[in-house]
Amino acid sequence: MSVLVDHLLSVVRAMDRKVEALAAKPSLRAIRDGLLGVVPCLILSATLLVLAVCLEMLGVSAERVAVLNQLYDRITAITPYLVTASIAYMVAIQAHLPRLPVMFLNLTYLACVSQLMEHYNGAARIVFLLSAILIPIWATRALAVLHAKPWCHLARIEGTCGTVRETMNFIIPGILVAALVLLTMTALILVLPAPDWINYYLFMDYANEPYQVGVTYSLLNSILWFFGVHGYHALLPMLEGLEQALQLNYATVMAGGSGLAYSMNSAFLGAFVFIGGSGATLSLALAILCSTRVPNLVLLAMASLPLALMNVNELLLFGLPVIFNPRLLLPFVLVPVLNVLVGQTAIELGWVQGPYINVPFNSPVLLNVYLATGGDPGAVVLQLVNLTLGILLYRPFVSGLETRFVEGQAVIARSIETLFARHVEEAEHGARDTVTDGLRERKSKLQLRQKLDELGDYEFLLEYQPQVDPHTGVMTGVEALVRAENSAGQLLLPSRFMPQLEQGGMMRAMDIWVVREACRQANEWARAGYRFKVSINLSAEGLCDARVVDDVIELLSTCQGQVALEITEQALTAEPAIVKHHIDRIRGIGVQVYIDDFGTGYSSLGYLSQFSVDAIKIDRSFVLALDSDKGGKVFSGILGFAEALELDVIIEGVETREQLAHVMVANRASVQGWLFSRSLRSEQIPAFADHAARMAEESRCQA
């Protein structure tokens, strides 16, 4: 049995890795990040709809309710355009293109496609949202390809204003891509089937095949929504048959009949299947609240909960998002199917009354099922049972959402160039009015911008250098080191790009990214069974900024103490009172703090009396001095001092066997250096840890 369980777990891990790799694709990341951008508008839209339903139930005049419904319809109508603009913005960042021209061109393309759909085929409207999602992906990629061609440039004079030149050079690519979009969409529209296509392919017996009808409808609805197609509109012919079945049930009861011929009907779907909207996402919201402490996820679930209780789930569909999110495809499809099976079985066994009264879809959960079944309390219980089953099915997949909301996979330097641009603009407003100073400052800014532009071809990532117990050979931890890599696989060390980021005011953003990525990686290793410390460096700017520290604490709280912070002397001396307060806050959540490069500063020993720390990292300069008597005594003195204060020690820069022999005198020390390993990619660390553990075990057995 244990072998079978281990095999199943390995299969699940393999599937999760594949899903994570798929979810990390640039196009899917752009879709998810773009959909997140429209969430505030969706909250406003859904709130208007819920308010309209509540006022209608309170008996407010139809004219006033109609105003809210009209506002909701207006926002819903422009939602595809908001989606297109948001996704186009994200793809423009990935493709290193100017944002505004790309956004406006994609909005124009979608407007043209909308007109084509209206003119040629009304059925094409059901894929309008899908078009709004996909057009900015491939159209922007096409713009990037054409924009790189010199023959597409109208403004080639370098003296031309940068913004004007960029805009002018999008005219030809914009026209060519517009023609491509129109031709492609026209061909697609012409081959789309008529609106009643489903009648040609599905011949359902609503009376004798309730399970098949319910499962088919729920599967199609969820799959269509996953790909951005509005399931309600796409399946309208099938829904009309379900509504007719409900009307026949109602007529039967009004005529004095007791049995219902059509247990599968539109009221059944609203009461027992789509609890919270498509995918039964009320269960997803509750599963998030029950399973995670990630603040962003909890906030999103709390915001969506009152809307989901009214069967409005756009906030979850676009906010998590569910659309084009492979992590949520399986439960999003299976939960409604499970609800169909459980609900139909309960009705056939006579445990609950089948629905026969038409209730508005946006009626509140629990109330809707009570009204639809003519006041059957058992139906309310059944809805709660389905809701609970949905929570249990969604819950294992929430961990994937946690990874998504705390991950910080390698970012492109240009994605933070807007931060630099804002700093430049602010600096220009405060510049001195001297011509010479202004020219000198402008030249400096241009040089800095040029260096940052060069970084646009690089992607940030973390490598990890192992830390090893010198006595056992077991890996005790890793230090996360920032690298920048271009498309050819060439690496830049921090000394080549950190000064530019510091000068551009980007170190705070870099700190947050490093912490987020380290936490994500530590959690991934922990899920695979590897638990060791991951130490990261925090800049002086970040450690002195209360907002950065708030974000750091929020991220570190998700790592169960697996990530430690290394503080440099520069950070400790920046603003001692503030730094001490922030260090105490960080240690207060169970995170260890190390002093990095200990012994190189004039007041290193004084830090230990001022700041609460857990370990010191002895600088490699002391290791290089071990071949002298004086160097050995100084090194021994530092070790004795650390031992007296019960501090852990990490010794950096051990590169030879002779140096290792010297540091073996330390009892509570780990060693970090090229003797054991250079920095490795994240996927190489588990193999190194396994090899170190095997070698340690072999040495122990031989001893």
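The values are calculated or read from the model by the stated rules, or taken from the named source; none is laboratory data. All of these numbers come straight from a predicted model, not from anything done at the bench. Quick reminder, even Gly has a Cβ in these numbers, built from the backbone with ideal geometry, and neighbours come from all protein chains shown.
Give the residues of the stretch 158-199 that are surrounded by fewer than 14 Cβ atoms within 10 Å (Cβ to Cβ), modelled with pLDDT of 90 or more and among the small types (Gly, Ala, Ser), sorted by residue number.
Once the filter is applied, which keeps residues that are surrounded by fewer than 14 Cβ atoms within 10 Å (Cβ to Cβ), modelled with pLDDT of 90 or more and among the small types (Gly, Ala, Ser), the stretch 158-199 yields only Ala179.
Taking the stretch 496-522, which residues are among the β-branched types (Val, Ile, Thr) and surrounded by fewer than 21 Cβ atoms within 10 Å (Cβ to Cβ)? Outline the logic, then answer.
Of all residues in the stretch 496-522, those among the β-branched types (Val, Ile, Thr) come to 512, 514-515.
The answer is Ile512, and nothing else.
Out of Ile650, Ile685, I need the residue that is touching a Pro at 6+ places or on another chain (Cβ under 8 Å) and buried (at least 18 other Cβ atoms within 10 Å of the Cβ). Which one?
Ile685
On the basis of being touching a residue at least 60 places away in the same chain (Cβ under 8 Å), part of a loop (DSSP other than H, G, I, E, B) and in the same structural domain as Ile347 (by TED's automatic domain parsing), does Ile275 make the cut?
Details: touching a residue at least 60 places away in the same chain (Cβ under 8 Å): yes; part of a loop (DSSP other than H, G, I, E, B): yes; in the same structural domain as Ile347 (by TED's automatic domain parsing): yes.
Judged against the criteria, Ile275 is a match.
Has the stretch 659-678 got any residue that is surrounded by 12 or more Cβ atoms within 10 Å (Cβ to Cβ), without any contact (Cβ under 8 Å) to a residue 60 or more places away in the chain and more than 23 Å from Val623 (Cα to Cα)?
Checked the stretch 659-678: no residue is surrounded by 12 or more Cβ atoms within 10 Å (Cβ to Cβ), without any contact (Cβ under 8 Å) to a residue 60 or more places away in the chain and more than 23 Å from Val623 (Cα to Cα).
Here are Ala280, Ala287, Ala346, Ala301: which of them is under 19 Å from Tyr232 (Cβ atoms), among the small types (Gly, Ala, Ser) and either out of contact with any strand residue (DSSP E or B) (no Cβ under 6 Å at 6 or more places or on another chain) or assigned by TED's automatic domain parsing to the domain that holds Tyr72 (or both)? Spell out the reasoning first.
Working: Ala287 fails: under 19 Å from Tyr232 (Cβ atoms); Ala346 fails: under 19 Å from Tyr232 (Cβ atoms); Ala301 fails: under 19 Å from Tyr232 (Cβ atoms).
On inspection, the qualifying residue turns out to be Ala280.
In the stretch 371-413, which residues are farther than 26 Å from Leu299 by Cα, modelled with pLDDT under 90 and assigned to a helix (DSSP H, G or I)?
If the condition is that a residue be farther than 26 Å from Leu299 by Cα, modelled with pLDDT under 90 and assigned to a helix (DSSP H, G or I), then Leu371, Ala372, Ala413 are the ones that fit.
Testing Leu44 on (1) modelled with pLDDT under 80; (2) surrounded by fewer than 16 Cβ atoms within 10 Å (Cβ to Cβ), one condition comes back false. Which one is that?
Of the numbered conditions (1) modelled with pLDDT under 80; (2) surrounded by fewer than 16 Cβ atoms within 10 Å (Cβ to Cβ), the odd one out for Leu44 is (1).
Considering only residues that are polar (S, T, N, Q) and free of Cβ contacts under 8 Å to residues at least 24 places away in the same chain, which ones fall in the stretch 245-272?
Once the filter is applied, which keeps residues that are polar (S, T, N, Q) and free of Cβ contacts under 8 Å to residues at least 24 places away in the same chain, the stretch 245-272 yields only Ser258.
Restricting attention to the stretch 86-99, does a residue exist that is modelled with pLDDT of 85 or more and more than 22 Å from Lys25 (Cβ to Cβ)?
no
Restrict the check to the stretch 620-643 and report whether at least one residue is assigned to a strand (DSSP E or B) and either modelled with pLDDT under 90 or among the basic types (Lys, Arg) (or both).
Quick first cut of the stretch 620-643, residues assigned to a strand (DSSP E or B) only: none.
Looking through the stretch 620-643, none of the residues is assigned to a strand (DSSP E or B) and either modelled with pLDDT under 90 or among the basic types (Lys, Arg) (or both).
From the list Arg531, Arg547, pick out the single residue that is without any contact (Cβ under 8 Å) to a residue 40 or more places away in the chain, surrounded by fewer than 19 Cβ atoms within 10 Å (Cβ to Cβ) and not in a helix (DSSP H, G or I).
Numbers: Arg547 fails: not in a helix (DSSP H, G or I).
Only one candidate qualifies: Arg531.
Would you please name the residue that is surrounded by the fewest Cβ atoms within 10 Å (Cβ to Cβ), looking only at residues in the stretch 94-112 that are under 23 Å from the mean Cα position of the chain (by Cα) and without any contact (Cβ under 8 Å) to a residue 60 or more places away in the chain?
First, the residues of the stretch 94-112 that are under 23 Å from the mean Cα position of the chain (by Cα): 94-97, 99, 103.
Then keep just the ones that are without any contact (Cβ under 8 Å) to a residue 60 or more places away in the chain; that gives 95, 97, 99, 103.
Values: Ala95: 19, Leu97: 23, Arg99: 15, Met103: 20.
Among those that are under 23 Å from the mean Cα position of the chain (by Cα) and without any contact (Cβ under 8 Å) to a residue 60 or more places away in the chain, it is Arg99.
Taking the condition more than 30 Å from Ala132 (Cα to Cα), in contact with a helix residue (DSSP H, G or I) (Cβ under 7 Å, 6 or more places away or on another chain), in the same structural domain as Tyr262 (by TED's automatic domain parsing) and β-branched (Val, Ile, Thr), does Ile357 pass? Walk me through it before giving the result.
Values: more than 30 Å from Ala132 (Cα to Cα): yes; in contact with a helix residue (DSSP H, G or I) (Cβ under 7 Å, 6 or more places away or on another chain): yes; in the same structural domain as Tyr262 (by TED's automatic domain parsing): yes; β-branched (Val, Ile, Thr): yes.
It is true that Ile357 is more than 30 Å from Ala132 (Cα to Cα), in contact with a helix residue (DSSP H, G or I) (Cβ under 7 Å, 6 or more places away or on another chain), in the same structural domain as Tyr262 (by TED's automatic domain parsing) and β-branched (Val, Ile, Thr).
Checking Tyr607 against (1) at pLDDT 90 or above; (2) closer than 30 Å to Arg547 by Cα; (3) in a helix (DSSP H, G or I), which single condition isn't satisfied?
Here Tyr607 meets the rest and fails (1).
When you check Met302 against the structure, is it outside any helix (DSSP H, G or I) and either within 16 Å of Leu387 (Cβ to Cβ) or modelled with pLDDT of 85 or more (or both), yes or no?
no
Considering the stretch 1-41 alone, what residues qualify as being part of a loop (DSSP other than H, G, I, E, B) and modelled with pLDDT under 60?
So the first thing to find is which residues in the stretch 1-41 are part of a loop (DSSP other than H, G, I, E, B), and the list is 1, 24-25, 38.
Within the stretch 1-41, Met1 is the sole residue that qualifies.
Output the residue which, of all residues in the stretch 551-596 that are β-branched (Val, Ile, Thr) and in a helix (DSSP H, G or I), is modelled with the lowest pLDDT. Even if it seems obvious, please write down each step before you answer.
Here is the first cut: in the stretch 551-596, the residues β-branched (Val, Ile, Thr) are 552-553, 558, 563, 567-568, 573, 578-579, 583, 586, 589, 591, 593, 595.
Next cut, in a helix (DSSP H, G or I) only: 552-553, 573, 578-579, 583, 586.
On the way: Val552: 90, Ile553: 90, Thr573: 71, Ile578: 85, Val579: 85, Ile583: 89, Ile586: 91.
In this case the residue turns out to be Thr573.
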